[in-house]
Structures are given as structure tokens and as C-alpha cells.
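Novice: First the structure, which I've put down as C-alpha cells, then a few questions once you've had a look.
Values quoted throughout were computed directly from the atomic coordinates according to the rules given, and no laboratory measurement underlies them. Being a predicted model, the structure only gives us computed values, none of them experimental. Note: ideal-geometry Cβ built from the backbone for every residue, glycine included; neighbour counts use all protein chains shown.
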Amino acid sequence: MAESTPESQSDVTGMGENLGRPVLADVRDEWEWVGPGIEEIIANDPNLTFTAYDVYDACEAKQAILWVADEGFVVATGETDPYTGKRILLLWLAWAKERGHNLVAKYQDFFVMAAREAGFAKLETRSSVPALQDYLPSLGWDVETVVYTRRL
């Protein structure tokens, strides 16, 4: 998990509570449906080492923030590049109620604007889903690194 969120959750509200846009939410209020979504993400990626309750705790401790929309949710956190000092908004987890609706494309401008307004230099996400390596570059994302590991 990353180090922290922005100075305050209001720093990354982007366009606010406009209809059809993600809105900041309290994880306690949304846990009934967000928790199972996080469990689904974890179940689909055996390399993830955190639990759903780790995500809950990070949101509660303001180390991560939760955005919700009608179609799903995003959990984000902030990181600082140790060499440049530039801030990165990491879209840590994203879950959709239904796949195949191009939600990345639909909400990309929102998250770009929110990150920019909060002073972040970069928007980042990480995933082991192979299809994203072809899809995200078509939306203007760069593939900067691929991580390979070998268990010992």
C-alpha cells in the first residue's frame, strides 16, 4: 500500500458531487457493497497480500480514500517519488458492478482533473490483468514497468 492520501480528502474531489461523477464516500457507510467488491478483487489476484479489512483500515486512517459511482468504486492513495519528490495519485483498487462498460474511459477525465487540482504530478494504477496492458495505452496511459517475481 502507498504512504498516504492528499492533505485532505477535499483536495481530490475534482468536480464535486456532480451527477454521474464519482463522489468521495465514507467506507463505513459503503462497506456493505464495497467490502464484497474488494474481496472479489483479492480473490481474482492471488498475488495481492492485503485483506479487505486492510483497505477498510487504510480508508479509516485517511491513508486511502474511497470514491463511489453508480457503477462501482475506486480506492486511491497518494505516493511520493523518493527521487523527484513529485506526488503520484495511485488508483489502488477499482471495481465495477458490471464489466464491459469502458468505465476507465468514462471516468478518466474526472480522475485526471481531480489529481491535477490536488497537485499530483502523475496518475498511476497497477494491475496483473493482461488486457489492461493493451487497453490503457489506447487511452493515453504509458506502460512504465512490468514487474516479474520469483517465489523462493
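Novice: Every residue in region 87-108 that is over 14 Å from the mean Cα position of the chain (by Cα) and of a type outside the set (Gly, Ala, Ser), please.
Specialist: Arg87, Lys97, Glu98, Arg99, His101, Asn102, Lys106
Novice: Scanning for something assigned to a strand (DSSP E or B) and either surrounded by 18 or more Cβ atoms within 10 Å (Cβ to Cβ) or in contact with a Gly (Cβ under 6 Å, 6 or more places away or on another chain) (or both), does region 95-114 turn up at least one residue? Steps first, answer last, please.
Specialist: Taking region 95-114 first, the residues assigned to a strand (DSSP E or B) are 95-96.
From what is left, the residues that are either surrounded by 18 or more Cβ atoms within 10 Å (Cβ to Cβ) or in contact with a Gly (Cβ under 6 Å, 6 or more places away or on another chain) (or both) are 95-96.
Scanning region 95-114 turns up at least one residue that is assigned to a strand (DSSP E or B) and either surrounded by 18 or more Cβ atoms within 10 Å (Cβ to Cβ) or in contact with a Gly (Cβ under 6 Å, 6 or more places away or on another chain) (or both).
Novice: Which of the following residues is part of a loop (DSSP other than H, G, I, E, B), at positive phi and surrounded by 14 or more Cβ atoms within 10 Å (Cβ to Cβ): Gly85, Gly119?
Specialist: On the way: Gly85 fails: surrounded by 14 or more Cβ atoms within 10 Å (Cβ to Cβ).
After applying the criteria, what remains is Gly119.
Novice: Select from region 56-82 the residues that are over 18 Å from Ala114 (Cα atoms) and either in a loop (DSSP other than H, G, I, E, B) or touching a residue at least 40 places away in the same chain (Cβ under 8 Å) (or both) and list them in ascending order.
Specialist: Ala58, Ala61, Asp70, Glu71, Asp81, Pro82
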